[in-house]
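**Student:** Got a structure here, written out as C-alpha cells. Questions coming.
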Amino acid sequence: MKKSYKRTRTAPSKRTRRKYLKTSTKLSLEKSKKNNKRQYSKKYLALRNEVLLRDKYQCQMCNATGVKLEVHHVIRWQRNQTVRQNRRNLISLCKDCHRSIRNKEEQYAHIFLARISKNIKRARQEKLSYEQFIKEKLEQEKLSGEDVSYIPKTEEEIRRDKKSEDYLRVTWRGIKRRVFDKTCNRYHRYGGRGIKMHEPWIENFQFFKDYILETIGHRPEGYSIDRIDNDGNYEPGNIRWASAQVQKQNNSQTKMTEEMVEVAFILFHKFKFTQRKIMTSFNLNNPTSIRNIVKGMAWNNVTVKYKPIIKDKTTLKNMEEWENKNEDNS
C-alpha cells in the first residue's frame, strides 16, 4: 500500500518577499509614469490650449480671469477612457474651483456640459486664433503693452486681486447680461421691462469699478448688487450692496409693503391674531411669507423696532441673530 504524503506550503523567505514587493512597487511606478506620459503628450497639450482658448482663458465656474487655469474632465476619464481627449468633455477651471468640486463632479456635470456646448457654438462663429484673441482683449480693455491679465500670477497676487477685481468684474458682466442678453432667463425682469445700465459703464469696466470702490465700497460677505429703486436703472445713486433678505423685499414680485409687514407683526405679537387670520385679512395665498415675518426670519429691518412687544423666545432668538450678523457686516 502506497503512502500518501500531505502537501505542505512553506511561507516565502524575507528575501523573496522583499524581491516581490520591490517588483510590484516598480510596476506601479512604471504604470503611473506611463499614464502621466500619455496625459501630457503633445496631442493632449495642444487640445488643452484649444480648450483654454475656446473658454477665453476664463474660469467657467467663478468667471475669474488672470489666474492659473486647469482643464477639468467633466466625466472622469478613469470611468470612461474614450472621453479622455474629447474636447466636449473638457472645461477650464481655476485651481480653487477645481479643488472645490473634487468628489462632487456629478453634481456639476450637466451645468458644465451646457456651458461647453455654448462656448463651442460661440467659438465656431468667432474663429479666433490666440493672437487675435489677445489683440481683441487689448482693444476692449485698453491695456498697454503685453496683456498682463493672462500671465499666470503668484498665489499671493491671486488672493489680493481676486478679492476686488474678480467679483466686481463678475458683477459687471452679470448686470450687462440681465439688461442686454435676451437669452438670459432673467431678462424679462430687467431689460425686458425697461431697466437700463449707465452708459459709461457699459463699455468700460474701470469706470464701474472706480465708482463702486469710491462710493459704496467693497462687498460685505453674503451681499450682492441691488437697485435701491426697483424700477430704476443701474446708475450712480441707485445701487447698493444688499443681503438676500433685503433683495427679496425689494423684488418686483413682492406683494408685501413695509406698512403691511408692520401691521401683520403687531397683529400677531400684540393682538394675538393667528397666522391664517392675518393671511386672509391681506388676501394672500402663501402662508410662508406671513410665518417668516412674524417669526423674525424676514423683513427684520422693518420689524426690529417692535422688538419690545415680542414674547416668543424663537422670534427673539432669530431677531438677535439678525442684529449680530448686521453688526459683523458693518
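**Student:** Quick check, is Arg79 over 23 Å from Thr183 (Cβ atoms), over 23 Å from the mean Cα position of the chain (by Cα) and either assigned to a strand (DSSP E or B) or among the charged types (D, E, K, R) (or both)?
**Tutor:** The answer is yes for Arg79.
**Student:** Hey, among Gly222, Gly237, which residue is within 26 Å of the chain's Cα centre (by Cα) and among the small types (Gly, Ala, Ser)?
**Tutor:** Gly222
**Student:** Where the second residue is assigned to a loop (DSSP other than H, G, I, E, B) and not hydroxyl-bearing (Ser, Thr, Tyr) and the first is assigned by TED's automatic domain parsing to the domain that holds Met197 and at positive phi and lies in segment 227-248, which pairs have Cβ atoms under 9 Å and are six or more apart or on separate chains?
**Tutor:** Matching pairs, first to second residue: Gly237/Ile228.
**Student:** Residues in segment 167-201 that are aliphatic (A, V, I, L, M), assigned to a helix (DSSP H, G or I) and buried (at least 17 other Cβ atoms within 10 Å of the Cβ): how many?
**Tutor:** Count: 3.
**Student:** Of all residues in segment 81-107, which are touching a His at 6+ places or on another chain (Cβ under 9 Å), more than 18 Å from Arg48 (Cα to Cα) and not β-branched (Val, Ile, Thr)?
**Tutor:** Correct list: Glu105 only.
**Student:** Sort through Ala46, Ala114 and tell me the only one that's at pLDDT below 85, exposed (fewer than 13 other Cβ atoms within 10 Å of the Cβ) and part of a helix (DSSP H, G or I).
**Tutor:** Among Ala46, Ala114, only Ala46 is at pLDDT below 85, exposed (fewer than 13 other Cβ atoms within 10 Å of the Cβ) and part of a helix (DSSP H, G or I).
**Student:** Do you know which residues across segment 118-144 are of a type in the set (S, T, N, Q), modelled with pLDDT of 80 or more and loosely packed, with under 11 Cβ neighbours inside 10 Å?
**Tutor:** Of everything in segment 118-144, just one residue is of a type in the set (S, T, N, Q), modelled with pLDDT of 80 or more and loosely packed, with under 11 Cβ neighbours inside 10 Å, namely Gln125.
Matching residues to (1) modelled with pLDDT under 90; (2) exposed (fewer than 12 other Cβ atoms within 10 Å of the Cβ); (3) not in a loop (DSSP other than H, G, I, E, B):
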position: Glu146; (1), (2), (3): yes, yes, no
position: Pro152; (1), (2), (3): yes, yes, no
position: Lys163; (1), (2), (3): yes, no, yes
position: Thr215; (1), (2), (3): no, yes, yes
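**Student:** Mind telling me which of the residues Asn301, Asn285 ends up being surrounded by fewer than 17 Cβ atoms within 10 Å (Cβ to Cβ) and under 24 Å from Ile228 (Cα atoms)?
**Tutor:** That would be Asn301, the only listed residue that is surrounded by fewer than 17 Cβ atoms within 10 Å (Cβ to Cβ) and under 24 Å from Ile228 (Cα atoms).
**Student:** Condition test on Arg219, is it more than 30 Å from Lys307 (Cα to Cα) and not hydroxyl-bearing (Ser, Thr, Tyr)?
**Tutor:** It is false that Arg219 is more than 30 Å from Lys307 (Cα to Cα) and not hydroxyl-bearing (Ser, Thr, Tyr).
**Student:** Here's a follow-up. Conditions: (1) outside any helix (DSSP H, G or I); (2) in contact with a Gly (Cβ under 9 Å, 6 or more places away or on another chain); (3) modelled with pLDDT under 85. Lys325 meets all but one. Number of the miss?
**Tutor:** (1)
**Student:** Can you pull out every residue in segment 49-84 that is in contact with a Ser or Thr (Cβ under 9 Å, 6 or more places away or on another chain) and either of a type in the set (Lys, Arg) or free of Cβ contacts under 8 Å to residues at least 60 places away in the same chain (or both)?
**Tutor:** Matches in segment 49-84: Val51, Leu52, Arg54, Lys56, Gln58, Cys59, Gln60, Met61, Leu69, Glu70, Val71, His72.
**Student:** Whether any residue in segment 26-38 is at pLDDT 80 or above and surrounded by 11 or more Cβ atoms within 10 Å (Cβ to Cβ) is what I want to check.
**Tutor:** Looking for residues that are at pLDDT 80 or above and surrounded by 11 or more Cβ atoms within 10 Å (Cβ to Cβ), one finds none in segment 26-38, hence no.
**Student:** Also, quick follow-up: Restricting to segment 82-110, what's the tally of residues that are assigned to a helix (DSSP H, G or I) and not small (Gly, Ala, Ser)?
**Tutor:** 15
The values are calculated or read from the model by the stated rules, or taken from the named source; none is laboratory data. Please read these numbers as outputs of a predicted model, since none were measured by experiment. Because the Cβ atoms are built from the backbone with ideal geometry, glycine has one as well, and the counts that use them run over all protein chains shown.
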